[in-house]
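The values are calculated or read from the model by the stated rules, or taken from the named source; none is laboratory data. None of these values were measured; they are calculated from a predicted model. Cβ coordinates were reconstructed from backbone atoms using ideal geometry, including for glycine residues, and neighbour counts include every protein chain displayed. What goes into the accessible areas is simple: the full protein's heavy atoms, side chains included, and nothing from ligands, DNA or RNA. Shrake-Rupley method; radii C 1.70, N 1.55, O 1.52, S 1.80 Å.
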Amino acid sequence: MSRTRTALLAALALVAGASGTALAVTPGDAGLAAVPCTVDYKVQNQWDTGFTAAVTITNNTTAKSSWSLKWAYAGNQKVTSGWNAKVSQSGTAVTAANESYNGTLATGGSVSFGFQGTYSGTNAVPGTFTLDGVTCNVDGGTDPTDPTDPTDPGGGTKVDNPYAGAKVYVNPEWSAKAAAEPGGSRISNQPTGVWLDRIAAINGVNGGMGLRAHLDKALEQKGSGELVVQLVIYNLPGRDCAALASNGELGATEIDKYKTQYIDPIAAILADPKYASLRIVNTIEIDSLPNLVTNVSPRATATANCDTMKANGNYIKGVGYALNKLGDAPNVYNYVDAGHHGWIGWDDNFSASVQTIKQAATAEGATVNDVQGFITNTANYSALKEQYFTINDSAGGKSVRESKWVDWNRYTDELSFAQAFRQEAVNQGFASGVGMLIDTSRNGWGGTARPTGPGATTDVDTYVNGGRIDRRIHVGNWCNQSGAGLGERPQASPAAGIDAYVWIKPPGESDGSSSAIANDEGKGFDRMCDPTYTGNPRNNNNMSGALPNAPLSGHWFSAQFQELMKNAYPAL
């Protein structure tokens, strides 16, 4: 189902964080006749081990006197009872057939039924439905098993949420490093992002796997189901203009080299028909566009490098070009980096950041339809959900927004920020079905320092500091944070408007070195990675909170990996 044809989705409630709503066309859409059937699958209620769901089928082909709807679960959901249909299950495969009184299904007619089920772990929405053997929610419907058939979502049509009903690629290089650590086998099978952070990474660095090698391995992991491969597109000219640890290989003016030697070769590989059955998710250029809002003159947080990148327009051009070229393949899904709540959540940053992303999404031949979603908290530490205080609370006669930690931000955590960011993007012209990803690789903040209840209400700072999950010294601290833990495990459709929780930053890979290290990777020394550093205006002149003895960004940091496992939440 193309995101450009899902305007009705915004009106459908996402109850309990899971909805497979699949109304594929809007009224008056000329493609209506080409969609054989639509299925609206919604979780109505969900609790710890069970759920109820409502399903509506709409028939757009010839009238039927009987019908049979089939789908398969990616998890361990089990149907226990049903109503208004005969619902049965064998393994993961579910069949719902008509009752004697509702078998008639006219052209354009609909029928609804419901059921109750059990689950553990993730209650993911099914990704594919067939009505009497014909695939619903996609144009055509002739042969869903034919890889050349345009009705096959893996071969020709974007699905609404690429993570729904799909496995996610486990990077064998990261997995091997994780498994080699004491206790690391507990998480070494988790999917993580593949970082294409320089031109050489396309073909592989120092004998490592290149892009084609990863995609070939993904085909092996895929089997007969759907599989998502997560790539990080990360090599803009003048990259990370407000930092030094993650500076890249391309100078501020090398936009042509970015296009021809970086994006074009990646686009050519992704367009190879060999990989058409994979769902390829691109995280587009982290830590770039929001810098053009927050770290440029006349802001106190401005840097000369960010002023340069705003003036020459190469962030806008580069992101637009990447969206345009990479989005050409029907199985490729672009998610643009949107910072995190502790960067973009203030009033003067929030809407302006969406405007800047839209500017890039309509540059260099790109359109908003080349953007399938946005990702927040990439390689960052912001808590997913603050349990013990809200932005609307008060203590000691002051609003939570007046606390030193919140500091007048509109958001306290990533989930509320991501959901609000999605709505603002829709308001500014992005597709109503646009989705969000949240990187939960290092935002668990478990362990003995995790609060078990709200702070005392004697004053607002005591209240917030006593109850906050995020234990950083300052919300602006971003490098190898001491005390951090693994967050929620990757999962699809975990909350309203959220396509998935993901581990885009591979746990155990450093954010930057604690001291200067000579290298040929273009990576500088950033004092925010130095545990003795007393800060700058971007973290309100607080200590950096960084771990000592860290290697260069992207290099394996065993001590951090062990701390992330120790402080994991949920615990390992």
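A few comments on the model shown:
- The helices (runs of 4 or more DSSP H) falling completely within the range 200-309 that include 2 or more residues that are farther than 30 Å from ASN349 by Cβ and charged (D, E, K, R) map to 211-222.
- When ASP216 is tested against (1) out of contact with any helix residue (DSSP H, G or I) (no Cβ under 9 Å at 6 or more places or on another chain); (2) surrounded by fewer than 17 Cβ atoms within 10 Å (Cβ to Cβ); (3) not aromatic (Phe, Trp, Tyr), just one condition goes unmet, and that condition is (1).
- Positions within the range 435-450 being β-branched (Val, Ile, Thr) and surrounded by fewer than 24 Cβ atoms within 10 Å (Cβ to Cβ), in sequence order: THR448
- Residue in the range 108-115 that is within 29 Å of the chain's Cα centre (by Cα) and open to solvent by less than 40 Å² (accessible area, probe 1.4 Å) present: no
- Where ALA395 falls short, out of the listed (1) within 30 Å of PHE561 (Cα to Cα); (2) touching a residue at least 60 places away in the same chain (Cβ under 8 Å); (3) crowded, with 23+ Cβ neighbours inside 10 Å: (1)
- Residue in the range 414-424 that is over 17 Å from ASP347 (Cβ atoms), in contact with a helix residue (DSSP H, G or I) (Cβ under 7 Å, 6 or more places away or on another chain) and surrounded by 24 or more Cβ atoms within 10 Å (Cβ to Cβ) present: yes
- Qualifying position, being crowded, with 16+ Cβ neighbours inside 10 Å, assigned to a loop (DSSP other than H, G, I, E, B), under 19 Å from the mean Cα position of the chain (by Cα) and not aliphatic (A, V, I, L, M), among LYS505, LYS523: LYS505
- Among the residues of the range 317-353, those that are part of a helix (DSSP H, G or I), surrounded by fewer than 23 Cβ atoms within 10 Å (Cβ to Cβ) and of a type in the set (A, V, I, L, M, F, W, C) comprise PHE350, ALA352.
- Restricting GLY535, GLY512, GLY508 to residues that are at pLDDT below 95 and touching a helix residue (DSSP H, G or I) at 6+ places or on another chain (Cβ under 6 Å) narrows the list to GLY512.
- Checking ARG471, ARG442, ARG450 one by one, the residue that is in a loop (DSSP other than H, G, I, E, B), closer than 30 Å to SER553 by Cα and free of Cβ contacts under 8 Å to residues at least 60 places away in the same chain is ARG471 and no other.
- Selection within the range 56-104 - part of a loop (DSSP other than H, G, I, E, B), open to solvent by 50 Å² or more (accessible area, probe 1.4 Å), within 25 Å of GLY225 (Cβ to Cβ) and in contact with a Ser or Thr (Cβ under 8 Å, 6 or more places away or on another chain): ALA74, ASN76
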